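Taken together, the values in this text are just the output of simple stated rules run on the coordinates, not laboratory data. None of the values given here were measured: they were computed from a predicted structure. All Cβ positions, glycine included, derive from the backbone under ideal geometry; neighbour counts span all protein chains shown.
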Amino acid sequence: MAVRRAVSPTVIATQGRMIGMWEAGIPLPVFSEELGVTSQTVWRLVKRWHEEGVLTTKPRSGRPKVTSNQEEEPIITTARERPMMSSSQITRHLRLPYHPHTTRRPLHD
């Protein structure tokens, strides 16, 4: 099964439906089964809804970006102008001081 990110419109809509069903008094086992989620997931979501009043996800940990938006512009422009160029070729062409994986990242965002 594919992992769904908590910011996708489908996930946000499902979370909203869970809260709506909970507030409407529909029994938890009924709507957790209907929506295909575990009761634990629903309880966690309802608890967060009551404590924080929002369903938005919190920032996650991870390594910060190495490049700024300004540094990414030439990468994106080159990729659009030369779509058959690999990230390694773009890195060499622009003489960038980082790994081709770093060059590839803004192309997927």
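At a glance:
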| item | result |
| --- | --- |
| Extension gain, residue 37 back to residue 19 (0.36 nm per residue minus Cα-Cα distance, nm) | 5.2 nm |
| Lys, Arg +1 and Asp, Glu -1 on Cβ, resulting dipole of the chain about Cα centre, debye, nearest 20 | 500 debye |
| Phi-based couplings in Hz for region 48-65 (Karplus 6.51, -1.76, 1.60; Gly and Pro marked x) | 5, 4, 6, 6, 10, x, 9, 10, 5, 7, 8, x, 9, 6, x, 5, x, 4 |
| Leading residue at positive end of dipole, region 28-109 (Cβ point charges), from 41, 29, 90 | 90 |
| The chain, relative contact order [Cα under 8 Å, separation at least 6], % | 17 percent |
| Added length on full extension, which subtracts the Cα-Cα distance from 0.36 nm per residue, residue 93 to residue 54 | 9.5 nm |
| Gyration tensor verdict on region 9-52 (Cα atoms; rounded if a/c is under 1.5, prolate if a/b is larger than b/c, oblate otherwise) | rounded |
| Pairs of alpha carbons in region 69-108 whose separation is greater than 11 Å (percent) | 57 percent |
| Value of Rg/Rh across the chain [Cα atoms, Kirkwood radius] | 1.21 |
| Estimated distance in nm for a label pair at residue 84 and residue 65, the labels positioned 7 Å out from Cα along Cα-to-Cβ | 3.0 nm |
| Mean-position separation - Cα centroids, region 55-73 and region 14-43, in angstrom | 32 Å |
